[in-house]
1. Pick from the stretch 170-181 the residues that are part of a strand (DSSP E or B) and more than 11 Å from the ligand (Cβ to nearest atom): which of them is nearest to residue 361 (Cα to Cα)?
2. Name the one entry in 73, 118 that is more than 13 Å from the ligand (Cβ to nearest atom), within 30 Å of residue 205 (Cα to Cα) and in contact with a strand residue (DSSP E or B) (Cβ under 6 Å, 6 or more places away or on another chain).
3. Could you identify the single residue in 238, 217, 225, 221 that is more than 12 Å from the ligand (Cβ to nearest atom) and not in a loop (DSSP other than H, G, I, E, B)?
4. Can residue 167 be described as assigned to a strand (DSSP E or B) and away from the ligand (no atom under 14 Å from the Cβ)?
5. All but one of (1) within 16 Å of the ligand (Cβ to nearest atom); (2) in the same structural domain as residue 112 (by TED's automatic domain parsing); (3) at negative phi hold for residue 30; which doesn't?
6. Name the single residue that is surrounded by the most Cβ atoms within 10 Å (Cβ to Cβ) among those in the stretch 65-112 being at positive phi and either in contact with a helix residue (DSSP H, G or I) (Cβ under 8 Å, 6 or more places away or on another chain) or touching a residue at least 24 places away in the same chain (Cβ under 8 Å) (or both).
7. Checking the structure you have, find out if any residue of the stretch 243-260 is within 16 Å of the ligand (Cβ to nearest atom), assigned to a strand (DSSP E or B) and more than 21 Å from the chain's Cα centre (by Cα).
8. Among the residues of the stretch 310-337, what is the count of those that are buried (at least 23 other Cβ atoms within 10 Å of the Cβ) and away from the ligand (no atom under 16 Å from the Cβ)?
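The values are calculated or read from the model by the stated rules, or taken from the named source; none is laboratory data. The structure presented is a predicted model; accordingly, all values stated were derived computationally and were not measured. Counting neighbours? That spans all protein chains shown, and the Cβs are built from the backbone with ideal geometry, glycine included.
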Ligand SMILES: Cc1cc2nc3c(=O)[nH]c(=O)nc-3n(C[C@H](O)[C@H](O)[C@H](O)COP(=O)(O)OP(=O)(O)OC[C@H]3O[C@@H](n4cnc5c(N)ncnc54)[C@H](O)[C@@H]3O)c2cc1C
């Protein structure tokens, strides 16, 4: 094995979906680049997640030459959404996937290595910016660095940026409970807003089950026991036989974040890009990773690595800003149980409302006129005491 160089064109801190996608984006654009992918963990490794992978993630990966990633997994095309007794269940236009992160992330890291990246076991603790390079821990230097090191990013802290709003969620694996086979089931909370419990069928007899809620600055964070109790209260039977419980923070997106310019970029959870409505973060991680990789490659090609951040900021504004604005507004509205229930009634009444809601929650969708109109109408429909809307006469 040839020894790893100590100077790289691009060093990516963190080899999760955002980091692997950054390496893939850069190497697809410029196959000769020297790219280091540094992670504190050996792969395969677990990661607290609902394991829900939107089909849009696969579209993005295909753009950088990665295909067949989930061919051996079982697609899930039914989505059931519930809140306070209102339930809507429909087929999604395109199926989603439930892929344990132990599998997904190892495959993504392998794809990055196959494209030419060097995967190195290294926990980054320190980042220094010099005029001509960025140096990590005094030993790894690179023309451009991408921070893809997750919710508690060391790179983000080194840039002096804070995390912002966050949620806390706990997940485990349990036998699929009766009535929840072949579906992604989400039950919104009515007491601790915004919150929801989920059961996502993995297709192998087990479901990824979990519960998460928004963290309020003026209240203590829920304990592990409370998270488990709230999961069981919303989805009875979900915790039965459950194992491998792990919790983690979700750094939620807002439309107001400053994107740093210069040689150091932030992607995925490190850039606080989790959808505040649904907790989806893999799509944003892969989308921003690819954009950052491409921006780094273009800046290096023109011999101006210090322009990588500016290029990346322009690209993310273009691909993400409208979506971030719309999800920020939707998440604010969703703090009201009445809005969630009206949304579910609207989705039950009209497949197009349901489809637009899925787009908003899983990928880059917006609050469309169809969604807004459906929501408005649902507010006007008289509701029976059970919470179910009356059938039209
Ligand atoms: C309970 C839960 C459920 C969720 N459910 C879903 C879901 O169903 N679908 C969805 O799309 N999203 C979900 N999310 C969000 C999703 O998990 C994240 O948005 C996604 O993992 C972000 O990817 P990332 O690559 O940015 O970060 P991560 O996946 O966190 O990867 C970061 C990597 O950086 C490494 N690292 C960290 N610090 C260092 C360091 N100092 N030096 C070197 N390496 C380091 C870590 O080892 C890790 O490999 C969920 C999150 C939680 C907590």
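1. 173
2. 73
3. Residue meeting the stated conditions: 225.
4. Judged against the criteria, residue 167 is not a match.
5. Single failed check for residue 30: (1).
6. Only one residue tops the list, namely 84.
7. Looking through the stretch 243-260, at least one residue is within 16 Å of the ligand (Cβ to nearest atom), assigned to a strand (DSSP E or B) and more than 21 Å from the chain's Cα centre (by Cα).
8. Residues meeting the conditions: 1.
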